[in-house]
1. Might you let me know whether segment 115-123 holds any residue that is more than 14 Å from the chain's Cα centre (by Cα) and in a strand (DSSP E or B)?
2. Would you check if ILE360 is assigned to a strand (DSSP E or B), under 27 Å from THR147 (Cα atoms) and not aromatic (Phe, Trp, Tyr)?
3. Report whether or not THR302 is closer than 17 Å to ILE118 by Cβ, in the same structural domain as GLY342 (by TED's automatic domain parsing) and β-branched (Val, Ile, Thr).
4. Please work out which residue is surrounded by the most Cβ atoms within 10 Å (Cβ to Cβ), limiting yourself to segment 116-158 and to residues that are among the aliphatic types (A, V, I, L, M), touching a His at 6+ places or on another chain (Cβ under 8 Å) and within 13 Å of SER394 (Cα to Cα).
5. Among the strands (runs of 3 or more DSSP E) lying completely within segment 194-266, list those that include at least 1 residues that are surrounded by fewer than 18 Cβ atoms within 10 Å (Cβ to Cβ), on the phi > 0 side of the Ramachandran plot and modelled with pLDDT under 95.
6. Applying the selection to segment 346-386, what residues are surrounded by fewer than 21 Cβ atoms within 10 Å (Cβ to Cβ), at pLDDT below 90 and farther than 30 Å from ARG311 by Cα?
7. Of all residues in segment 363-372, which are in a strand (DSSP E or B) and among the basic types (Lys, Arg)?
8. List the number of the failed condition for ALA271; all other conditions in (1) touching a helix residue (DSSP H, G or I) at 6+ places or on another chain (Cβ under 9 Å); (2) hydrophobic (A, V, I, L, M, F, W, C); (3) surrounded by fewer than 16 Cβ atoms within 10 Å (Cβ to Cβ) hold.
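The values are calculated or read from the model by the stated rules, or taken from the named source; none is laboratory data. Keep in mind the model is a prediction, meaning the values are calculated, not measured. When we count neighbours, we look across all protein chains shown, and the Cβ atoms used for this are built from the backbone with ideal geometry, even at glycine.
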Amino acid sequence: MTTTDCNDYRTCAMFSLPDRWARCEPPSIGVWVALLSTGVQNCPPKTVGLVVDVERPFLKQWRSGMADGPGTWFIWISILFLLFPPEVHGRENQPYYLRSQSPFLHIFGLPAPEGGQITPAGNVESRLELTVANHADRGSSGNEVITLDGESHYADVVLRYGLNDRWALGIDLPFVSHREGVLDNLIEAWHDTFGLPDRDLEGPRNHLSFIYSRNGVDEVSFTEAGSGIGDVRLVSAWQLKEDKGKGRSLALRGVVKLPTGDPDRLLGSGAMDLALSLEVTDAAAFSRRDIDLFGQVGVLVTGRGDVLGDRQQRAVSFASGGLVWPWTRTIDLQMQLSFQDGYFDSRLSELGGYTADLAIGTNFHLRKRGLRVSIGFIEDLIFDATPDFAVFMSIKCE
């Protein structure tokens, strides 16, 4: 490892990269992943580099215990994963670990798709997930009004263990943060470039306002940034069928969501949820093109919580599907569609409407380190029902 001290304000650290690549970027907090397609002197091919730029104000806040963003924790845990990857073995091609990104819907126990395979017997599978969702919407219908303006950051530590060839258990440890939006201008430029619909929210940019009112009374009003532990999820999986020769598998998964998050800060629902899903993976249908398919269908049963509990739907159906195509030996292209039923008895599409979004990403297999790094974006297909735009990053031990 080489470290270059640029000045008193930040430090740039480059791992497995020659000295001449170690240079500082503008002050920020972030992770930079560099994949080299060819070898460089003293630098093997397909190595990973990290640039961590930390501003002095952040260090001051961090030392005083005030730094609270999940992205910050994701950075430090990611560094540990990249420097000291655990000795684990999991499944290579899997769906993206994505759930609903709306602050009013993410509080429920919707299970993320995982595919038709379960974790192999005696093995541990771990992954880190980070999603940043930008909200910019205002809707009204009858006596209901909702305003969604801000950003949500979701970080999850996902652990799975294979008990035997038929059963696997796991736990999802979430960290949630809601704060002022900082991607508003970037997203507007994105929409203008690709001819996508404009924002539905007019007014000041980079503000935080999650408000739902009925009959002129604010029933939910969240205008101050907050973060903390979300609702922990316990997961079990049963391998119904697996044909390793053809690459086809079918699994049944159950999820119990515990009310560990604070519903007053939209970190959880305040109730226990149960979910059951059937998931399939098929690597045979398009085997000539090396395309893997995956799908999921299930139902979520919600407990009556503290966030609009009198308006909740008790059962929510959901489905997802997608494909993975290996572009090169170390790079995959992946696309994923997700659908959900309405969560609330409401005429507002943001609460009671169907949701549909499209995720497109790229997976980098760092085989020497036993890691898969994925980055991508999520775009809403049914406007108003899902966040305006979201980006995600995943680090998974393979």
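1. The initial filter retains those residues of segment 115-123 that are more than 14 Å from the chain's Cα centre (by Cα), namely 115-123.
In the following step, the residues that additionally are in a strand (DSSP E or B) were identified as 121.
Yes, there is a match, as at least one residue in segment 115-123 is more than 14 Å from the chain's Cα centre (by Cα) and in a strand (DSSP E or B).
2. no
3. Working: closer than 17 Å to ILE118 by Cβ: no; in the same structural domain as GLY342 (by TED's automatic domain parsing): yes; β-branched (Val, Ile, Thr): yes.
For THR302, the condition - closer than 17 Å to ILE118 by Cβ, in the same structural domain as GLY342 (by TED's automatic domain parsing) and β-branched (Val, Ile, Thr) - is not met.
4. Looking at residues that are among the aliphatic types (A, V, I, L, M), touching a His at 6+ places or on another chain (Cβ under 8 Å) and within 13 Å of SER394 (Cα to Cα), I get VAL132.
5. 226-229
6. Hits for segment 346-386 are LEU366, ARG367, LYS368, ARG369, GLY370, LEU371.
7. Result: ARG372, single match.
8. It fails just one condition, (3).
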